[in-house]
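Contents: one structure, followed by commentary.
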Amino acid sequence: MPPPSSTSAEAATAHSFNKVLNQYKSSSRSRTTAEVEESVKKLRRLILVDGIPSAADPTLRPRIWKILLRVQNISSDMFLEYVARGPCEVREKIRNDTFRTLATDRGFKERVREDMLVRLLDAFVWRNHDRQETDHLGFTYVQGMNVLAAPFLYTMPSELEAFFCFAKFIEESCPLYVQPTLEGVHRGLKLLDRCLKIVDPDLFAHLRSKNLSAEIYAFPCEPFCIHPPTLGLPTRLWRTLECLMCRRSAASHERQAHGIFESNATFALLPSTRRTASHRHCRHARSRPPCRPL
């Protein structure tokens, strides 16, 4: 049981979040762009500094994700129409992946059933089947989307909200990441090498001395931090990563923010023994203060 001081601190932080969220809601009604952006800026800062106190207010994270992803129009009729169409053309491919999604995470399995994942991914394919006749970038199901959809179904209070958040995330935040050519992944890996060289030149030099580039050590990682056995860590990481992702245009996302996703996540996803061994070669590693938990 957390100490009373910790509980009161979380309650105070939750109050600060709700105050900003209420400002965002009221400013959205008046449609004043400057006020809305100012509220979003305050929200990002709170996330980065204090983290989201979900224990004090479980409704905060889903509300915040919808704001950062700019999910405003949620149509139950549209979602139900996609679901009513039944299996999409790649249903077999989807089913080959969904049954093993976070299979060892008991908490996830208790909250998210396989049929929910299948339904969301089917609907996503149907949604983009209809959009192919427009100028939108084409999407279908590719391996790994099941894992990207998992945090939305786990976090959002309904399948409806999870679907529209997932669709917005894929189509606008990381469109090149899920293309068959994996263009966004390769761009992110190149940017990761550049970021690591600036942020931690000693570690970069050590990895290069072993002929290790991001294409080798980062490419096998599960997408967007969904690698640990449970979703606890990824949902905390996504709070910060969404702050970085959703403040840029879709085009800028692919050039910069996707790489920031990779550069923040990749080293944390390396097995702990490899992280320790690598950091022994970094002369400043012990002097750096630990990151504050989010």
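Okay, here's what the table says:
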item	result
Residues being part of a helix (DSSP H, G or I), over 17 Å from the mean Cα position of the chain (by Cα) and in contact (Cβ under 8 Å) with a residue 24 or more places away in the chain - total across segment 129-158	1
Residue within segment 181-200 that is within 30 Å of Thr140 (Cβ to Cβ), among the polar types (S, T, N, Q) and either in contact with a helix residue (DSSP H, G or I) (Cβ under 9 Å, 6 or more places away or on another chain) or surrounded by 14 or more Cβ atoms within 10 Å (Cβ to Cβ) (or both) present	no
Residues (under 21 Å from Glu92 (Cα atoms) and exposed (fewer than 13 other Cβ atoms within 10 Å of the Cβ)) located in segment 131-162	Gly138, Gln143
Subset of segment 84-103 (residues that are more than 20 Å from the chain's Cα centre (by Cα) and part of a loop (DSSP other than H, G, I, E, B))	Arg85, Gly86, Pro87, Cys88, Glu89, Val90, Phe99
For Leu121: the one exception among (1) modelled with pLDDT of 95 or more; (2) farther than 25 Å from Glu172 by Cα	(2)
Residues located in segment 149-161, provided they are among the aliphatic types (A, V, I, L, M) and touching a helix residue (DSSP H, G or I) at 6+ places or on another chain (Cβ under 6 Å)	Ala149, Leu153, Met156, Leu160
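The values are calculated or read from the model by the stated rules, or taken from the named source; none is laboratory data. None of the values given here were measured: they were computed from a predicted structure. Glycine also receives a Cβ, built like all others from the backbone with ideal geometry; neighbour counts cover every protein chain displayed.
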